[in-house]
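All remarks here apply to the structure that follows.
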Amino acid sequence: MKNFLIAIVLAVILVNCLGSVIDDWFGMHIVMSDELLSPWENLAALSVIGVLLAVVGFVVAVSVLGTLLLAVGAVFLALLAAGIGAFWPIVVLAILIYAFKDRSKRDQHLNRPV
């Protein structure tokens, strides 16, 4: 959350700085209802635009990260399923060997007199 707030502040600062540069170089102003906005209204409008751009950037970054994590998870599950599908006879054979192994040798240490 802290990084998101920092991103919003940076976006507002960048948009305001770029807005003043555009105003100085090109003489562009925001016009609403056939009236020029005052400098404070320009600042407020550009700040709102900056916040909206920061929010859109955050949503895009999160959605791209979420998509990447979902894709990595899907690939992992697909490889796991393919591995189990390809090697299931070996897995079943290993379980059967373990299950039918002579238990008397395995449990000998339990029957020792103390």
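Quick grid of which residues meet (1) in contact (Cβ under 8 Å) with a residue 24 or more places away in the chain; (2) part of a helix (DSSP H, G or I); (3) closer than 29 Å to residue 18 by Cα:
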| position | (1), (2), (3) |
| --- | --- |
| 45 | no, yes, yes |
| 48 | no, yes, yes |
| 57 | yes, yes, yes |
| 61 | no, yes, yes |
| 72 | no, yes, no |
| 77 | no, yes, no |
| 80 | no, yes, no |
| 84 | no, yes, no |
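The number of residues in region 54-106 being more than 32 Å from the chain's Cα centre (by Cα) and at pLDDT below 80 comes to 5.
When the residues of region 12-43 are filtered to those that are open to solvent by 60 Å² or more (accessible area, probe 1.4 Å) and either part of a loop (DSSP other than H, G, I, E, B) or among the β-branched types (Val, Ile, Thr) (or both), the one that is modelled with the highest pLDDT is 13.
The values are calculated or read from the model by the stated rules, or taken from the named source; none is laboratory data. Every value quoted in this text rests on a predicted model; they were computed, and no experiment measured them. When we count neighbours, we look across all protein chains shown, and the Cβ atoms used for this are built from the backbone with ideal geometry, even at glycine. Note: areas computed on protein heavy atoms with side chains; ligands, DNA, RNA excluded. Shrake-Rupley method; radii C 1.70, N 1.55, O 1.52, S 1.80 Å.
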